[in-house]
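Read through the structure below, which is laid out as structure tokens, and then see the notes.
The values are calculated or read from the model by the stated rules, or taken from the named source; none is laboratory data. Just so it is clear, the structure is predicted and the values come from calculations on it, not from any experiment. Using ideal geometry, Cβ is built from the backbone for each residue, glycine included, and neighbour counts are taken over all protein chains shown.
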Amino acid sequence: MDKSISLDLDDKKRMAQVAKALSAEIRIEILRLLCGNSYNINEIAEQLKLPQSSAATHVKLLEEAGLIETELMPAIRGSMKICKRAITSVEFLVKTDLEEDAKFIHMPIGNFVDYYVEPTCGIVSERGYIDEEDEPRCFYNPARTQAKLLWFGKGYVEYRFSNHLLTNRQLKSMEISMELCSEDHEYNMDYPSDITLWINGIEAGTWTCPGDFGGRRGKLNPSWWPDKNTQYGILKTWKLTREETFIDELPVSPLTLEAYHLEANAFISVKLGIKEDAKHAGGVNLFGSGFGDYQQDIRMKFVF
């Protein structure tokens, strides 16, 4: 699967991390090598005539930048780390949100106002499980507001965002972004799920996630979280404009901003889930700050 990352000047830490990983010719050579195949660290060291310790250090920097992925596999003695390319392109955008009149609302993933879920399901904070796993009632637990990761096999969760920022202003576009993947028992890289977003009850597009991602640790996951479980997701963005609706810059609906009636109530309803007639009913993992690969909760962005 082709995967790209796009970085701008507002993501200073991430841009610096990727730039550092690409600042040495030997690490670029490792990326070139992994374009054709997957290799363990010993094989990388042998092909590029490096000490094994040096190859391991370079691999770690590339992995931390999200440019490659690694997976521990059984070996004759213990285990070995298999390395493979994680992305096909990197885009550096020399721009910033300061160039536009933009406002943000950050919604913790545990602040949902309504839900219906079926197992597998659960909620965890940075410290541990909130209530019992695979018990839908745990979504009523008052401690749910501390959630950093939640998952369900079927159903939805609904959030309500204040629309006070829209008063007496002309809205150009609205974006909603969050880190997501499918939900299977433990993890399953080949487990598609049709994940749909509704805004004020109106369908804003469905993204088919290819799997429930694991095999390497999520960059932000706490140490207690088991390696065998879901580890990370993909950051997805739904964007409403005056022309149409997009997911990650790809048009998915002819509906415009006006069609979602963002000022009709005192809030904007955002519901995430699986449609009852979904072709791939593979559930949802929703990551908050402190879990997965991206240090964010659900982010709503208004551009005026």
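Checking Arg127 against (1) in contact (Cβ under 8 Å) with a residue 24 or more places away in the chain; (2) part of a loop (DSSP other than H, G, I, E, B); (3) surrounded by 12 or more Cβ atoms within 10 Å (Cβ to Cβ); (4) not aromatic (Phe, Trp, Tyr), which single condition isn't satisfied?
(3)
Would you be able to say whether some residue in the range 166-189 is closer than 24 Å to Pro254 by Cα, modelled with pLDDT of 95 or more and in contact with a His (Cβ under 7 Å, 6 or more places away or on another chain)?
No, every residue in the range 166-189 fails to be closer than 24 Å to Pro254 by Cα, modelled with pLDDT of 95 or more and in contact with a His (Cβ under 7 Å, 6 or more places away or on another chain).
Taking the criterion of being within 26 Å of Gln295 (Cβ to Cβ), in contact with a helix residue (DSSP H, G or I) (Cβ under 9 Å, 6 or more places away or on another chain) and not in a loop (DSSP other than H, G, I, E, B), would at least one residue in the range 213-234 satisfy it?
Checked against the condition, which is being within 26 Å of Gln295 (Cβ to Cβ), in contact with a helix residue (DSSP H, G or I) (Cβ under 9 Å, 6 or more places away or on another chain) and not in a loop (DSSP other than H, G, I, E, B), the range 213-234 yields no hits at all.
What number of residues within the range 217-242 satisfy the criterion of being buried (at least 19 other Cβ atoms within 10 Å of the Cβ) and of a type in the set (Gly, Ala, Ser)?
2
Considering only residues that are farther than 15 Å from Thr241 by Cα and part of a strand (DSSP E or B), which ones fall in the range 277-304? Steps first, please.
From the range 277-304, those farther than 15 Å from Thr241 by Cα are 277-299; that's our starting set.
Hits for the range 277-304 are Val284, Asn285, Leu286, Phe287, Ile298, Arg299.
In the list Glu69, Glu46, Glu29, which residue meets the criterion of being closer than 18 Å to Ile234 by Cα and of a type in the set (D, E, K, R)?
Sole residue among the options that is closer than 18 Å to Ile234 by Cα and of a type in the set (D, E, K, R): Glu69.
Before we move on, is Ile26 part of a helix (DSSP H, G or I), within 20 Å of Thr88 (Cβ to Cβ) and modelled with pLDDT of 95 or more?
The answer is no for Ile26.
Just checking, does the range 217-227 include any residue being under 20 Å from Gly66 (Cα atoms), among the hydroxyl-bearing types (Ser, Thr, Tyr) and in the same structural domain as Gly273 (by TED's automatic domain parsing)?
Yes, because at least one residue in the range 217-227 is under 20 Å from Gly66 (Cα atoms), among the hydroxyl-bearing types (Ser, Thr, Tyr) and in the same structural domain as Gly273 (by TED's automatic domain parsing).
What's the total number of residues in the range 247-276 that are outside any loop (DSSP other than H, G, I, E, B), without any contact (Cβ under 8 Å) to a residue 24 or more places away in the chain and surrounded by 13 or more Cβ atoms within 10 Å (Cβ to Cβ)?
Residues meeting the conditions: 1.
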